[in-house]
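Notes to accompany the following structure.
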Amino acid sequence: MASATPSSSAHRSEDGSTTGREDPGGEGGATRTVLAGADISRIISRMAHQILEKTNGGADVVLLGIPTRGVPLAARLAARIREVEGTAVPAGSLDPTMYRDDLRLRAVRPLHVTDIPDGGVDGRVVILVDDVLYSGRTVRAALDALAEYGRPRAVQLAVLVDRGHRELPIRADYVGKNMPTSRRESVAVRLTETDGTDAVLIIG
Amino acid sequence: MNRHLLSTADLRRDDALLVLDTAEQMARLSDRSVKKLPTLRGRTVVNLFFEDSTRTRTSFELAAKRLSADVINFSAKGSSVSKGESLKDTALTLEAMGADAVVIRHAASGAPHRLAGWVRGSVVNAGDGTHEHPTQALLDAFTIRRRLGTVEGLRVTIVGDVLHSRVARSNVWLLRTLGAHVTLVAPPTLLPHGVADWPVAVSYDLDAVLPGSDVVMMLRVQRERMLGAFFPTEREYSRRYGLDADRAATLPGHALVMHPGPMVRGMEIASEVADSARSTIVEQVANGVSVRMAVLYLLLGGAGADERKPDDQYGEVADR
Amino acid sequence: MTTTVAAPWLLRAVRPLGGEPADLLLAGGRVAEVARAGGIAPTTAGVAGGNVLDADGLFALPGFVDLHTHLREPGREDAETVESGTRAAALGGYTTVFAMANTNPVADTAGVVEQVWRLGRSAGHCDVRPVGAVTVGLAGQRLAELGAMATSAAAVRVFSDDGHCVSDALLMRRALEYVKAFDGVIAQHAEEPRLTEGAQMNEGSCSARLGMTGWPAVAEEAIIARDALLAGHVGSRLHVCHVSTAGSVEIIRWAKAKGWRVSAEVTPHHLLLTDELAATYDPVYKVNPPLRTAEDVAALRAGLADGTIDAVATDHAPHAPQDKDTEWAAARPGMVGLQTALSVVIQTMVEPGLLDWAGVAERMSLAPARIGGLPDVPVDARSSMGVGAPANLTLFDPEARWVVDPAGLASRSRNTPYRGMTLPGQVHATFLAGRPTVLDGKIR
Ligand SMILES: [Zn+2]
């Protein structure tokens, strides 16, 4: 249980996002803000519209955020959908940690809450929501985790940022922003709910 | 936290809370229809039980299997151990089998510490002599937290054969670490000689302590203790230190009654108390599986210090 | 004990009792001449070519006498033999060891004690004085043939059931009385058996935390008090083995103040180590009586300094690996100690200023020799270095520091609690009746 303390949960790095660091440029790389708060808010709105369009007005949709930052993103999308359409789309969370294929490559990861909304996932359209799509391994693990809760009619993927470099045949149905990066760079998503501010940074 | 779980005295507060938080997630997963997780696929957990304890062994076995680990039950009876093989030779055998974790129950205090020096895998103490039983204390704390919301600041009374109790020792250190105030209640003969140095209050009077208790933990009292002149008769013990219905009625309304099992009904605890709404005795068993899943996950769910890539030591590099 | 007279040896510039450098001529098994350094010319002294030891920087003390050694032979030759144990003794600066009786068979007859005595003579590394058992088979039921052992070739004077306490008060009284006939002494392993059933370590804060059955100080003190009263009552000699508690020191001080014939020994490990070490659960720290607290250690040092405790005795107790590579409760108690005794005494007594070199001579050589009834014991430390004294000498470098490596010890067993520790003082040479048993730190 060496280095897994609760504080390290702030350092979770889903698909390439470096998070929770006060001074991301501290290792010498340049940091630049690529999306500001207003951009993120506009992107959420657009994605909400796209979801409504593609899912027949949000019928049978369940949004499941992938912790940490996918969870508030899912909640924001649900809130935006309700504002736009008046439809209450349930939002919850799905922690794929115990399904990852790379557990043994790193110190043990703390678990996060899985919260499947009442009504479950059987026969529903589940939209997985994450902050950054990178190798695709987190999404693969999430698909395995999801299967244990039932059989959705369809599963879709929504991400705030797609930074490329996929290692698995996975693509997102809704992309907030395509952001070409080099592998040496990291993408850091900051959200008010988890970090006190809204921004997307590229570090390196 | 260390590579092994040998004693709750080694657990820092952060480590202890991480176990409880992880157990909380495990408990939620245990509520769904598909209980099995692929997490520890390819890992081998050996249950090495030198004392019979179906209850604890089964709990660890279920925990390991829910995480998809391969489980080997290596019970002392009928094996080379009963033919006089030493603990060290047994350890070398397990090592050769490639055990990633060894869960050990042994009659000698400190046996898990010795084992930890002889094997590469993680060692989990499932009860050693009169020393410790860390997962029992963790599941007790987990049970308290689920029922009462927190452990911090609670007044926990531990009653019975503290001298011979590994459960009591593990609970004293863990509850202290989690900020509870512990009072030990026992006849003076069943308290260790050095108890004055423990971070606890001590009382010989159960009736005086119960009204101020948020939790009362009853320890098993073995009838054999009478032979060692620790107390005169079962009847006298039960009258002075047993939790009967009248005594339980003096507890605050929210107070919990706990027992690590197996209990001696009518001796340290009356049936009507054991079966009452305050009793957590059945929950403790279920929570035991969640807590042991958490412990196995935290010990085996990541890279060992030697398998980890240097880059990954801070856990901030992208998962590749 | 060799019958052939040793060839003369000249020790040049050695410092007797740490004093001014001097030349010592050893001849005829005795110190033949003492002169200022450079005062004895090798050519005029009749010393053969190689028999000159340049002892510049080395201190000399009378050869050490260990009242409490377990040589394990007969019975557990896998753990130690008379040969290997006495090699360790010589390398530790000892010229006499008292071999404890708890062998297999037990040394409770003239036959067994003579066997051990002969093995010692043929090994030749130091004098071996067998201790006879007090009771048959150490069983605490019937007196062994104490008189037969006393009049055997081994000339036994010390009787002990060590490992077991002679707990029956009447039997103890009888033993104390009986050995008066041949000026024997009963060396008691003071341990009240009912109070120590299943005991694993000192009873106190550590045992409470570690969940191990406690060995309370009172179990030792109660027996010492009882035996002191008995010895006083019948006017016999009592020797208390391995005193380990502050309370024991007080009781012995009181008994001596009464004028009773009570003597006591302390082990090096009880002068240095404490029960905190049991937290490792490594049985290398398991010993009987157990390691005690820091307060006990301080009281033992003070008692040894003021003479309440007469002697240092090693309780050298070798054990085979399978008896120590186990869980604590299954392990046998005991530690090897012959080769580390001087170093531990220097560290715990000399360096803190509690004992001078004459004091070390008294506690490690002269007092144990007197308690054990050896013949020809010098009256004091000074005369042990003077003309006519037996040429039993230990030469050591007090400035040397060495790291204890179990594999480097001469004992067949490796159970030293000092593994990896850096200790002061290293034995360079040991002379037994004028003959070197150790030179350059190696067995001759
Ligand atoms: Zn002894």
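The values are calculated or read from the model by the stated rules, or taken from the named source; none is laboratory data. Everything numeric here is computed off the predicted structure, so don't read it as measured data. We place every Cβ from the backbone using ideal geometry, glycine too, and count neighbours over all the protein chains shown. Keep in mind that these areas ignore ligands, DNA and RNA; they rest on the heavy atoms of the full protein, side chains included. Shrake-Rupley method; radii C 1.70, N 1.55, O 1.52, S 1.80 Å.
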**Q.** Rel. contact order, % - alpha carbon contacts under 8 angstrom, at least six apart, chain C
**A.** 19
Q. What's the angle, to the nearest 10 degrees (0 to 90), between helix C:246-257's Cα axis and the longest principal axis of chain C?
A. 70
Q) In whole Å, what are the Cα extents of the range C:241-302 along the three principal axes, biggest one first? A) 43, 18, 14
Q. How much accessible surface area, in Å² rounded to 10, belongs to the heavy atoms of B:Arg55 with a 1.4 Å probe?
A. 120
Q: Could you tell me what percent of the DSSP beta bridges with both partners in chain C are antiparallel, to the nearest 5?
A: 50
**Q.** For chain A, the longest site-free run once trypsin sites (Lys or Arg not before Pro) in DSSP loop states with at most 14 other Cβ atoms within 10 Å are removed
**A.** A:1-152
Q: Report, for the protein assembly as shown, the % of DSSP beta bridges that are antiparallel, rounded to 5.
A: 30
Q) Near B:Lys88, which lysines are there with a Cα under 18 Å away, not counting those fewer than 8 places off in the same chain? A) B:Lys77, C:Lys286, C:Lys324
Q: Specify the angular offset, from 0 to 90 degrees and rounded to the nearest 10, of the alpha carbon long axis of helix B:134-148 from the longest principal axis of the alpha carbons in chain B.
A: 70
Q: Would you kindly calculate the mean projected area, averaged across all directions, of the convex hull enclosing the Cα atoms of the range C:38-105, in square nanometres?
A: 6.8
Q. For the range C:267-359, what is Rg from Cα atoms divided by 2.2 N^0.38 Å, rounded to two decimals?
A. 1.13
Q) Which distance in nm do the two modelled labels at C:Glu33 and C:Ala400 give, with both placed 7 Å along the Cα-to-Cβ direction? A) 2.8
(Q) Need the C-alpha centroid separation for the range B:139-191 versus the range B:99-130, integer Å. (A) 23
(Q) If I compute solvent accessible area with a 1.4 Å probe over the protein chains, what percent of it on the protein assembly as shown is carbon and sulfur? (A) 50
(Q) I need to check one value: relative contact order of chain A, counting alpha carbon pairs closer than 8 Å and at least 6 residues apart, in percent. (A) 27
Q.
For the range A:89-204, what are Rg and Dmax over the alpha carbons, in angstrom?
A. 14.8, 44
Q. Quick one: what Rg and Dmax do you get for chain A from the alpha carbons, in Å?
A. 16.3, 49
Q.
Quick one: the Cα spread of the range C:1-88 along its three principal axes, in angstroms, biggest first?
A. 50, 29, 19
(Q) Along the Cα→Cβ direction, 7 angstrom out, place labels at B:Asp205 and C:Ala298. What is the inter-label distance in nm? (A) 3.6
**Q.** Over the protein assembly as shown - Rg/Rh using Cα atoms and the Kirkwood inverse-distance radius
**A.** 1.11
Q) For the range A:28-69, which semi-axes, largest first and in whole Å, follow from the square roots of 5 times the eigenvalues of its Cα gyration tensor? A) 29, 14, 7
Q) Among C:Val5, B:Val209, C:Val113, what's the order by accessible area (1.4 angstrom probe), most exposed first? A) C:Val5, B:Val209, C:Val113
Q. How high is the FRET efficiency from B:Arg147 to C:Arg174, r the C-beta distance, R0 60 Å, rounded to 0.05?
A. 0.35
**Q.** Sparse-neighbour loop sites [chymotrypsin sites (Phe, Trp or Tyr not before Pro); the range B:209-309; at most 11 other C-beta within 10 Å; DSSP]
**A.** none
Q) Hey, what number do you get for the protein assembly as shown at 222 nm if only DSSP H runs of n ≥ 4 count, each worth -39500 (n - 2.57), divided across all residues, to the nearest 500? A) -8500 deg cm²/dmol
Q.
Counting each pair of different Cα atoms once, what's the Kirkwood radius of chain C in Å, rounded to one decimal?
A. 21.7
Q. For the range C:363-444, which semi-axes, largest first and in whole Å, follow from the square roots of 5 times the eigenvalues of its Cα gyration tensor?
A. 27, 15, 13
Q. Can you give the accessible area buried between chains A and B, summed over both chains, with a 1.4 Å probe, in Å² to the nearest 100?
A. 3300
Q. With all pairs of different alpha carbon atoms counted, what Kirkwood hydrodynamic radius in Å does the range B:1-77 show?
A. 14.1
Q) How high is the FRET efficiency between C:Arg419 and B:Arg13 when r is their beta carbon distance and R₀ equals 41 Å, given to the nearest 0.05? A) 0.75
**Q.** Long-range Cα-Cα pairs in the range C:309-355 (distance over 16 Å), rounded percent
**A.** 53
(Q) Largest first, please: the extent of the C-alpha atoms of the range B:134-283 along each principal axis, to the nearest Å. (A) 41, 35, 27
Q | Debye log10 I(q)/I(0) at q = 0.15 Å⁻¹ for the range C:76-171, Cα point scatterers | A | -0.55
Q: Whole number in Å², please: accessible area per residue of the range C:227-347, 1.4 Å probe, ligands, DNA and RNA not counted.
A: 28
Q: Go ahead and run the numbers for FRET between A:Thr192 and B:Ser276, Cβ-Cβ distance against an R0 of 56 Å, rounding to 0.05.
A: 0.75
Q) Tell me, what is the per residue accessible area of the range B:190-254 in Å², probe radius 1.4 Å? A) 52
(Q) Can you give the log10 of the normalised intensity I(q)/I(0) at q = 0.08 Å⁻¹, computed with Debye over equal Cα scatterers of chain B? (A) -0.37
Q: Might you work out the accessible area of C:Trp402 for me, using a 1.4 Å probe with all protein chains in place, and round it to the nearest 10 Å²?
A: 40
Q: Please sort by residue number the chymotrypsin sites (Phe, Trp or Tyr not before Pro) in the range B:135-204 whose DSSP state is loop and whose Cβ has at most 16 other Cβ atoms within 10 Å.
A: B:Tyr204
